[in-house]
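Engineer: Before I ask anything, let me first share the structure, which is written out below as structure tokens.
The values are calculated or read from the model by the stated rules, or taken from the named source; none is laboratory data. Given the structure is predicted, the values throughout are model-derived calculations rather than measurements. For neighbour counting, all protein chains shown are included, and Cβ atoms are generated from backbone atoms with ideal geometry for every residue, glycine included. Accessible surface is based on the protein model in full, side chains and every heavy atom, while ligands, DNA and RNA are left aside. Shrake-Rupley method; radii C 1.70, N 1.55, O 1.52, S 1.80 Å.
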Number of protein chains: 2
Amino acid sequence: MALRHAVLAALLDEELSGYQLAKAFGTGVANFWHALPQQLYTELARLEREGFIAGREVVQDTRPNKRLFQVTDAGLAELERFTAAETKPCVIRDDLLVKVQAAEHVDTQALIAQLAERTAFATAKAELFEELLRSMRGERTEEEFLRHGARIGPYLTCMRGLEFERANRAWYERTTIILSERRASRGEQ
Amino acid sequence: MALRHAVLAALLDEELSGYQLAKAFGTGVANFWHALPQQLYTELARLEREGFIAGREVVQDTRPNKRLFQVTDAGLAELERFTAAETKPCVIRDDLLVKVQAAEHVDTQALIAQLAERTAFATAKAELFEELLRSMRGERTEEEFLRHGARIGPYLTCMRGLEFERANRAWYERTTIILSERRASRGEQ
DNA sequence: GCGGACATGTAAATTGTTACATGATTAG
DNA sequence: CTAATCATGTAACAATTTACATGTCCGC
């Protein structure tokens, strides 16, 4: 039941629509959780029904109308309760790691192509996060911002996301080289 | 549908029982995927029914009997097909990150305690992985092992797992310090 | 004798993904 | 005129987690 708390956490700093949330939870600005639009619209409806968020209709001329949501006092209390409760450790589940695990027993050509794709993806995401961090801290140094800056939560989770993507990229690149070389030396035999 | 492929990948190098798989997928030796015993027993039954793995009963004196499973030719072919197919990018979903995201709006005392727990957990896991990597490469240097060693797949995924836990630990420690200092300076006001 | 490790499952509930549905506006 | 972005949902299906169930052996 953490999706609802992720939504609450995302709505703390600003009112957002379902569509805006979907973008954040999909493309990865929200490093702390991932969800598809369908799940978010459903969860927003549930949260509103239960009084944890309140929505207001915003009429737009040029685009379809939208509903912006903000966290209620009950919602904040629920988030407080969640934060104090036990945390279950996070787990890795990655298709690509499964494939690399089997690398010695299968053809690695397609695998190497997929590693290249992921390298590009991780690089782009890392750049996005770097930019995001820069804009969050503004003129201040990181040190200074971490001490006294506002919105420290999003900054910290973004830092973790950046490190994650950097490590991904490094591993993808190294793995690509290793599998390619082994492939080549097998071919030469 | 990657659980089944994760199971196949885990069974490539050695025959394992459901119980042994459960330990590996639970405590994290299998960095590439996570699953609970219940899911594994169910999946093993399905895989056997579909002919992707074959089980054999091993009678034991001192312990309950067990069934060891190995991958069949059909299973290897299925894994080959999976490896060539499209990969969906991995996503982060972590309770603790959600909590840190909300750090500014909730009481951080419990959060800091949870970060300490996670630090200990990540440290232990990193040490486990280091030991595992050492035992896999034996006398060889890492460089040498990566070039020519057998069972390169498990080694590579373990490397990723180690880096992940090291990064976790570093971020947990840094976040603990930052939140603690901010908490202290709020208290002094 | 009690808790933990060994060993294997089923059933119910929750969560997450995929497919289906609709409709306006803007940029190329 | 076609694709992309904005905007919101429902329904069906698949995956994961939690709860229930059972029984032996070993060390303290």
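Engineer: I'd like the full set of residues that are within 11 Å of chain B (Cβ to nearest Cβ), part of a helix (DSSP H, G or I) and either farther than 19 Å from A:Ile92 by Cα or among the hydroxyl-bearing types (Ser, Thr, Tyr) (or both), limited to the stretch A:1-23.
Structural biologist: First, pick out the residues of the stretch A:1-23 that are within 11 Å of chain B (Cβ to nearest Cβ): A:1-13.
From what's left, part of a helix (DSSP H, G or I): A:3-11.
Across the stretch A:1-23, the qualifying residues are A:Arg4, A:His5, A:Val7, A:Leu8, A:Ala9, A:Ala10, A:Leu11.
Engineer: Just a yes or no: is a residue in the stretch B:91-100 of a type in the set (D, E, K, R), within 13 Å of DNA strand D (Cβ to nearest atom) and away from every other protein chain (no Cβ under 12 Å)? Before you say what the answer is, go through the steps one by one.
Structural biologist: Going residue by residue through the stretch B:91-100, those that are of a type in the set (D, E, K, R) are B:93-95, B:99.
This time we only want the ones that are within 13 Å of DNA strand D (Cβ to nearest atom), so: B:93-95.
Within this subset, residues satisfying the condition of being away from every other protein chain (no Cβ under 12 Å) are none.
So far as the stretch B:91-100 goes, no, none of its residues is of a type in the set (D, E, K, R), within 13 Å of DNA strand D (Cβ to nearest atom) and away from every other protein chain (no Cβ under 12 Å).
Engineer: Here's something else I'd like to know. Return the residues of the stretch B:8-28 that are closer than 17 Å to B:Ala122 by Cα and within 13 Å of DNA strand C (Cβ to nearest atom); say none if nothing qualifies. Give the steps one after another, and end with the answer.
Structural biologist: Here is the first cut: in the stretch B:8-28, the residues closer than 17 Å to B:Ala122 by Cα are B:24-28.
B:Ala24, B:Phe25, B:Gly26, B:Thr27, listed by residue number.
Engineer: Could you tell me whether any residue of the stretch A:85-95 is closer than 29 Å to B:Val71 by Cβ and in contact (Cβ under 8 Å) with a residue 24 or more places away in the chain?
Structural biologist: Taking every residue of the stretch A:85-95 in turn, none turns out to be closer than 29 Å to B:Val71 by Cβ and in contact (Cβ under 8 Å) with a residue 24 or more places away in the chain.
Engineer: While we're on this one: Being more than 10 Å from chain A (Cβ to nearest Cβ), within 15 Å of DNA strand D (Cβ to nearest atom), closer than 24 Å to B:Thr157 by Cα and modelled with pLDDT under 95 is the requirement here; does B:Thr62 meet it?
Structural biologist: Values: more than 10 Å from chain A (Cβ to nearest Cβ): yes; within 15 Å of DNA strand D (Cβ to nearest atom): yes; closer than 24 Å to B:Thr157 by Cα: no; modelled with pLDDT under 95: yes.
No, not satisfied.
Engineer: Mind listing just one residue for me: the one in the stretch A:108-118 that is more than 7 Å from chain B (Cβ to nearest Cβ) and open to solvent by 20 Å² or more (accessible area, probe 1.4 Å) and, of those, farthest from A:Thr27 (Cα to Cα)?
Structural biologist: Filtering the stretch A:108-118 for residues that are more than 7 Å from chain B (Cβ to nearest Cβ) and open to solvent by 20 Å² or more (accessible area, probe 1.4 Å), the one farthest from A:Thr27 (Cα to Cα) comes out as A:Gln109.
Engineer: Next up: Tell me which residues, restricted to the stretch B:98-107, are out of contact with any Asp or Glu (no Cβ under 7 Å at 6 or more places or on another chain) and open to solvent by 10 Å² or more (accessible area, probe 1.4 Å).
Structural biologist: Our first condition is that a residue be out of contact with any Asp or Glu (no Cβ under 7 Å at 6 or more places or on another chain); within the stretch B:98-107, this holds for B:98-105.
Residues satisfying the conditions are B:Gln101, B:Glu104, B:His105.
Engineer: Filter the stretch B:160-189 down to residues that are more than 14 Å from A:Arg147 (Cβ to Cβ) and charged (D, E, K, R), then give me how many there are.
Structural biologist: 6
Engineer: Here's a follow-up. Just checking, how many residues over the stretch A:96-146 are touching a helix residue (DSSP H, G or I) at 6+ places or on another chain (Cβ under 6 Å), without any contact (Cβ under 8 Å) to a residue 12 or more places away in the chain and closer than 22 Å to A:Trp171 by Cβ?
Structural biologist: 7
Engineer: Here is a further query. Identify all residues within the stretch B:29-59 that are within 11 Å of DNA strand C (Cβ to nearest atom), part of a helix (DSSP H, G or I) and open to solvent by less than 30 Å² (accessible area, probe 1.4 Å); write none if there are none.
Structural biologist: If the condition is that a residue be within 11 Å of DNA strand C (Cβ to nearest atom), part of a helix (DSSP H, G or I) and open to solvent by less than 30 Å² (accessible area, probe 1.4 Å), then B:Leu40, B:Glu43, B:Leu44 are the ones that fit.
Engineer: For a quick check of your reading: which helices (runs of 4 or more DSSP H) sit entirely within the stretch A:84-155 and have at least 2 residues that are modelled with pLDDT under 95 and either under 21 Å from the mean Cα position of the chain (by Cα) or over 26 Å from B:Tyr155 (Cβ atoms) (or both)? Give the derivation first.
Structural biologist: Working: elements: A:95-101, A:109-137, A:142-148.
Answer list for the stretch A:84-155: A:109-137.
Engineer: Within the stretch A:71-81, identify whether any single residue is open to solvent by less than 40 Å² (accessible area, probe 1.4 Å), closer than 30 Å to B:Pro89 by Cα, at pLDDT 95 or above and within 11 Å of DNA strand C (Cβ to nearest atom), and answer yes or no. Before you say what the answer is, go through the steps one by one.
Structural biologist: Narrowing the stretch A:71-81 to residues open to solvent by less than 40 Å² (accessible area, probe 1.4 Å): A:71-72, A:75, A:78-79.
This time we only want the ones that are closer than 30 Å to B:Pro89 by Cα, so: A:79.
Retained after the next criterion (residues that are at pLDDT 95 or above): A:79.
From what is left, the residues that are within 11 Å of DNA strand C (Cβ to nearest atom) are none.
Looking for residues that are open to solvent by less than 40 Å² (accessible area, probe 1.4 Å), closer than 30 Å to B:Pro89 by Cα, at pLDDT 95 or above and within 11 Å of DNA strand C (Cβ to nearest atom), one finds none in the stretch A:71-81, hence no.
Engineer: Looking at B:Ile92 and the list (1) in contact with a Gly (Cβ under 8 Å, 6 or more places away or on another chain); (2) open to solvent by 10 Å² or more (accessible area, probe 1.4 Å); (3) more than 21 Å from B:Thr27 (Cα to Cα), which single condition is not satisfied?
Structural biologist: The single condition B:Ile92 does not satisfy is (3).
Engineer: Still on this structure: Pairs needed: first member in the stretch A:173-184, under 18 Å from A:Phe121 (Cβ atoms); second member anywhere, among the aliphatic types (A, V, I, L, M) and open to solvent by 40 Å² or more (accessible area, probe 1.4 Å); C-beta distance under 7 Å; at least 6 residues apart or different chains.
Structural biologist: From residues that are under 18 Å from A:Phe121 (Cβ atoms), the pairs are A:Thr176/A:Ala116.
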